[in-house]
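Chemist: Okay, handing you the structure first.
The values are calculated or read from the model by the stated rules, or taken from the named source; none is laboratory data. Note that the coordinates shown come from a computational prediction; the quantities given were computed from them, not determined experimentally. Backbone-built Cβ (ideal geometry, glycine too); neighbour counts: all protein chains shown. Surface areas here come from the heavy atoms of the whole protein model, side chains and all, with no ligands, DNA or RNA. Shrake-Rupley method; radii C 1.70, N 1.55, O 1.52, S 1.80 Å.
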Amino acid sequence: MQVEQWAEIRRLSAVEGLSQREIARRLHCCTRTVKKALALEQPPGKATRPRRASLLDPYRSKIEALIAKYPRLSAVRILEEIRKGPEGYRGQITQLRQYLREIRPSSGRVYQEVLYDPGQAMQVDWGHCGSIRIGKTPRSISVFVAVLCYSRLSYIEFCLSQHKAEFYRSLAHALEFYGGSPRQIIFDNLKAAVLNGSGRRACLHPEFLALCGHFCLEAIACARRDPESKGVVEASVRYVKHNALQGRDEELTCWEDYARLACYWRDEVANVRVHRATGQRPVDRFQQEQALLRPLPAAPFDTEETVSVVVNSHARVTFEGNRYSTPPDLVRKTVLLRADASHVRILDQGREVARHTRCYERGQLIRQTEHQLDALRRRRRERASHLEKAFDALGEEAREFHLQLCSRPVKTTVHLRRLLNLVRLYGRQEVVAALRRANEYQTYDAAYVETILLQERRRRELPSPTKLRPQREEWIEENDFEEPDPANYDRFCQNEQEPDEPEEQDHGL
């Protein structure tokens, strides 16, 4: 009997006052059905069919015993046990799995939603985002994600490692983006933050504690293998992987593309969408939280990576698989290397002696022309002559030309002397421009530089300067010229109207 039929029978009997026979005739049913419906006080439920016999029935007791002894035993292992012997189970694993779902005790964890006050906490975490090839070196890409727990305002930054220097730098950038710091920072078992232990027994890294003290943050470490305790940032990491990065293989072709994507996606997508948990846009909700953040300290936190290195016999130091040049006088000395995201600095007794652009490849040699020239001079065991110093003072183009000239089987001093004579004849600006063109064509010869100067003069339709060459040099040396006296020219600047001044005064009277 259906519920609608039961309801109609009761209505016809109670409201319209029809007899059972009339109700049966009108509804085209049996009078026994009408009588049964009127006897029911509650709507009829679904008919429960008797359970059909199953091939698994003889083995239910054995299955229950196995589950009682081994609660986490898999269906495959139970199937193996009940199939043993000639009288073993011959059915499929589908029925077994359905039965296990009915009798196995529930092991699911019950979660409780945590509500945060404005300015109370932020959660941070790393996420792995594949790899990219920089030059010939494949590098792993990680994304740093920080989320304010109340407003859900996100900050993301892509990095090439998860080292502590990258973590501290990204965290400082996130706080600068927020314009203040919350009261608490929640994180998991990060190597940059936790030395050993987890949760309340975690032993934190001293440098991380220094960062927390600088920004007045209370460090809260989550238990190991408990990502749900920081579910806000876990969801944001998944959102970055599945939304920001999916389907962008053609856009993300170099490392610089990731930095542009982080800014665009953070400001144009993530923080302006309606968040599913709060029902508001993070940028709008952040307006309520921003005033409750603690202002940042006036002095920035030092996030540079600092290591002590020894300069090898080739006047180079090794950092992250690359070699960086140093002045040759530091060979076999211990120096301090400081690296940020863009530069590598080398300091000796607190004084910066070299600065290089940081290289993210591996196995590269990064060197400066000055260091190479100094090394060549020391290798020849000769002091740098006045001629070399004067030529190197012309600029970077001259130093590059000098370096390449030293590597060729020519007399360097002959070419340098000729080039300095060209400087006195044509001027420094024209000679430096000619040296730049010679470096571009990789032709390192003084005669070629002079040819470039002459061609440029002809192109500009200018006469070529002529050097004064007397027949006898001693004529110039024997002549004794009087030193010029600028006072001799004062008579040309005297006012010729001075005698008329009394007459002008008489007119005035």
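Chemist: Please get the size of the charge dipole for the chain, origin at its Cα centre, with Cβ charges of +1 on Lys and Arg and -1 on Asp and Glu, quoted in debye to the nearest 20.
Modeler: 6660
Chemist: Can you tally the net charge around Tyr116? Count Lys and Arg as +1, Asp and Glu as -1, for every other residue whose Cβ sits under 14 Å from the Cβ of Tyr116.
Modeler: Here the charged neighbours net out to 0.
Chemist: Using the heavy atoms of the protein chains alone and a 1.4 angstrom probe, what is the accessible area of the chain per residue in square angstrom?
Modeler: 65
Chemist: If you roll a 1.4 angstrom probe over the protein chains with everything in place, what fraction of the accessible area of the chain belongs to carbon and sulfur, to the nearest %?
Modeler: So the carbon and sulfur contribution to the accessible surface is 48 percent.
Chemist: Pop the C-beta distance of Arg424 and Leu195 into the FRET formula with R0 = 60 Å and round what comes out to the nearest 0.05.
Modeler: 0.35
Chemist: Does anyone have the angle between helix 369-379 and the longest principal axis of the chain? Alpha-carbon axes, 0 to 90°, nearest 10?
Modeler: Tilt relative to the chain: about 60 degrees.
Chemist: Could you list the residues of the range 308-329 with an amide nitrogen less than 18 Å from a label point located 7 Å from the Cα of Gln349 in the Cα-to-C-beta direction?
Modeler: Taking a point 7 Å out along Cα→Cβ of Gln349, the residues of the range 308-329 whose backbone N falls under 18 Å are 309-311, 327-329.
Chemist: Can you tell me the order of 269-278, 183-192 when each peptide is scored by its average per-residue count of other Cβ atoms within 10 angstrom, highest first?
Modeler: Per-residue Cβ counts within 10 Å, averaged per peptide and sorted highest first, yield 183-192, 269-278.
Chemist: How far, in degrees from 0 to 90, does helix 164-178 lean away from the longest principal axis of the Cα atoms of the chain, to the nearest 10?
Modeler: Roughly 80 degrees between the two axes.
Chemist: Pop the C-beta distance of Leu462 and Glu218 into the FRET formula with R0 = 60 Å and round what comes out to the nearest 0.05.
Modeler: The formula returns an efficiency of 0.20 here.
Chemist: Here's another thing I want to ask about it. Compute the length gained on full extension between Cys30 and Glu80: take 0.36 nm times their separation in residues and subtract their Cα-Cα distance, giving the result in nm to one decimal.
Modeler: In short, 12.6 nm is gained.
Chemist: With bins 10 Å wide starting at 0, give me the P(r) of the chain over every alpha carbon pair, in whole percents.
Modeler: Going from the shortest bin to the longest, the percentages are 3, 11, 12, 12, 12, 13, 11, 8, 6, 4, 3, 2, 2, 1, 1, 0.
Chemist: Calculate the all-directions average of the projected area of the range 134-215's alpha-carbon convex hull, and give it in nm².
Modeler: The orientation-averaged projected area of the Cα hull of the range 134-215 comes to 6.4 nm².
Chemist: Hey, how many Å between the Cα centroid of the range 242-285 and the Cα centroid of the range 293-364?
Modeler: Between the Cα centres of the range 242-285 and the range 293-364 lies a distance of 33 Å.
Chemist: For the chain, build the charge dipole from Cβ charges (+1 Lys, Arg; -1 Asp, Glu) around the Cα centre, then report which of Cys30, Leu217, Val423 sits farthest towards its positive end.
Modeler: The residue sitting most towards the positive pole is Cys30.
Chemist: Students often get this wrong, so check it: of Lys191/Lys241; Lys136/Lys241; Lys69/Lys230; Lys136/Lys411; Lys333/Lys389; Lys164/Lys230, which have C-alpha atoms separated by over 31 Å?
Modeler: From the list (Lys191/Lys241; Lys136/Lys241; Lys69/Lys230; Lys136/Lys411; Lys333/Lys389; Lys164/Lys230), the Cα-Cα distance tops 31 Å for Lys69/Lys230; Lys136/Lys411.
Chemist: Okay, moving on. Enter the Cα centre distance for the pair the range 1-30 and the range 409-427, rounded to the nearest angstrom.
Modeler: 121
Chemist: With n ≥ 4 as the cut-off for DSSP H runs, can you work out [θ] at 222 nm for the chain, using -39500 (n - 2.57) per run divided by the number of residues, rounded to the nearest 500?
Modeler: The helix contribution divided over the chain gives -11500 deg cm²/dmol.
Chemist: What is the distance, in nm, between label points placed 7 Å from the Cα along the Cα-to-Cβ direction at Thr451 and at Ala393?
Modeler: In this crude label model, Thr451 to Ala393 measures out at 3.1 nm.
Chemist: Counting other Cβ atoms within 10 Å, keep those with at most 14, restrict to DSSP loop, and tell me which GluC sites (Glu not before Pro) in the range 217-270 are left.
Modeler: Listed in order of number, the matching sites are Glu250, Glu251.
Chemist: Report Rg(Cα)/(2.2 N^0.38 Å) for the range 111-260, keeping two decimals.
Modeler: Against the compact-globule rule of thumb, the ratio is 1.06.
Chemist: What is the extension gain from Arg294 to Thr253, computed as 0.36 nm multiplied by their sequence separation minus the C-alpha to C-alpha distance, in nm to one decimal?
Modeler: 10.9 nm
Chemist: Can you tell me the order of 201-208, 454-461 when each peptide is scored by its average per-residue count of other Cβ atoms within 10 angstrom, highest first?
Modeler: Most protected by this proxy first, the peptides run 201-208, 454-461.
Chemist: By how many degrees, between 0 and 90 and to the nearest 10, does the Cα long axis of helix 3-14 differ from the longest principal axis of the chain?
Modeler: Approximately 50 degrees, to the nearest ten.
Chemist: Quick one: net charge of Gly130's neighbours, Cβ under 12 Å, K/R +1, D/E -1?
Modeler: So the surrounding residues net to +3.
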